[in-house]
Amino acid sequence: MIDKLELFLALARARHFGRAAEEAGVSQPTLSAGVKQLEEMLGVPLVVRGSRFQGFTAEGERLLEWSRRLVGDWRSMRQDIEALRKTVCGHFRLAAVPTALAMVPKLTIAVIDKHPGVDFLILASNSQKIIEQVENLAIDAGLTYLDNEPVGNFIQIPLYRERYHLITGPASDFSGRDEVHWSELQDVPLCLLSPDMQNRRIIDRALHRVGVKAEVAVESNSMTALAAHVRTGRWTSIMPTVLMEALGLPAELEAIPLVDPVIEHTIGLVMMDRQPHSPMAAAMIAAARKLSAKQGMFPHPPIA
């Protein structure tokens, strides 16, 4: 049964039979047969039939909720039982919005130092996809915004407050300033994250709020690519403080706080709220709560 629910979850993630089969490491007929067997066992159609995947029926959507719960509990149970006979080990999949990638080593190092048998896959993604991936068990946890878009009924551990700086070169009109107002960015050539990223939407809203239309010459979903363009001296960017500090600025570049308004958003860890926690999940939660306290965020109750 669990293997069939795993295939059903793969279909929910991929929204395509061929891609779902490839992700699950099976042939497409095997995946289709698994879904058909679930339908026969439950006596209801689960998938809207057509020449291509068109979505789930109402019964399929309900089974998807149960699949997430049952498969998640099965994985946690296996980890928990394995941990009784050996040290905590396994593969942990963590996705983060690009601006939060600089914070990831603080978590991975804390977990690995305590549990050397744990290894990590780190992915960069946008906030909406992270929530979908956590829900569909494609990843174990995510680092994303907690207070700007809904994140569902998850464990949420705030890690830090994201604040913004203008990153510019010595030839800029802003060079040597203590602060820059958002309203002063009219006609400034910018390189920013692509519009599918929540950080970009935050910046666009801030500029719109003060009546400025951004002149964006370069867009990317990679903060590294943006930093490389800023280093040429031809473009200016807007970056969160934590990322700017992690990347390190060349001596010729300046980071100037953006004010009026001062904009802050909370970045944190999100995970499925499943009890009891698997050993790896508990290790990540403990590391996140310790980092949260160190960053001055509000305290959290003990892990259940």
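The values are calculated or read from the model by the stated rules, or taken from the named source; none is laboratory data. Given the structure is predicted, the values throughout are model-derived calculations rather than measurements. Because the Cβ atoms are built from the backbone with ideal geometry, glycine has one as well, and the counts that use them run over all protein chains shown. Just so you know, the surface numbers come from the protein's heavy atoms only, side chains and all, with ligands and any DNA or RNA stripped out. Shrake-Rupley method; radii C 1.70, N 1.55, O 1.52, S 1.80 Å.
For (1) over 21 Å from the mean Cα position of the chain (by Cα); (2) modelled with pLDDT under 90, each residue gets a yes or a no:
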residue	(1), (2)
Q79	yes, yes
L84	yes, yes
T87	yes, yes
F92	no, no
A95	no, no
A100	no, no
L107	no, no
V134	no, no
A138	no, yes
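Working only within the stretch 274-304, note down all residues that are modelled with pLDDT of 85 or more and open to solvent by 90 Å² or more (accessible area, probe 1.4 Å). The answer is K290, K294.
Residues of the stretch 153-174 that are touching a residue at least 24 places away in the same chain (Cβ under 8 Å), in a loop (DSSP other than H, G, I, E, B) and more than 17 Å from M239 (Cβ to Cβ): N153, P170, A171.
For I267, the criteria (1) in a strand (DSSP E or B); (2) among the hydrophobic types (A, V, I, L, M, F, W, C); (3) surrounded by fewer than 17 Cβ atoms within 10 Å (Cβ to Cβ) hold in every case but one, which is (3).
Exactly one residue out of L185, L159, L143, L192 is surrounded by 20 or more Cβ atoms within 10 Å (Cβ to Cβ) and farther than 29 Å from M297 by Cα, and it is L185.
Evaluating E23 against the criteria (1) open to solvent by 70 Å² or more (accessible area, probe 1.4 Å); (2) more than 19 Å from A138 (Cβ to Cβ); (3) without any contact (Cβ under 8 Å) to a residue 24 or more places away in the chain leaves one unmet condition, (2). Taking every residue in the stretch 59-75 that is farther than 24 Å from P279 by Cβ and pairing it with any residue that is part of a helix (DSSP H, G or I) and at pLDDT 80 or above, at least 6 positions away or on another chain, the pairs with Cβ-Cβ distances below 6 Å are L64/A12. Looking across the stretch 1-45, just one residue is among the basic types (K, R), within 23 Å of the chain's Cα centre (by Cα) and under 19 Å from R75 (Cβ atoms), and that is R13. In the set (1) without any contact (Cβ under 8 Å) to a residue 40 or more places away in the chain; (2) within 16 Å of H165 (Cα to Cα), the condition left unmet by K213 is number (2).
In this structure, is I256 within 18 Å of G296 (Cα to Cα) and open to solvent by less than 30 Å² (accessible area, probe 1.4 Å)? Give the steps one after another, and end with the answer.
Details: within 18 Å of G296 (Cα to Cα): no; open to solvent by less than 30 Å² (accessible area, probe 1.4 Å): yes.
It is false that I256 is within 18 Å of G296 (Cα to Cα) and open to solvent by less than 30 Å² (accessible area, probe 1.4 Å).
Look at V262 and say whether it is assigned to a loop (DSSP other than H, G, I, E, B) and over 30 Å from E135 (Cβ atoms). When the stated conditions are applied, V262 passes them. If only residues of the stretch 213-252 that are closer than 19 Å to A102 by Cα and assigned to a loop (DSSP other than H, G, I, E, B) are counted, the one that is most open to solvent (accessible area, probe 1.4 Å) is N221.
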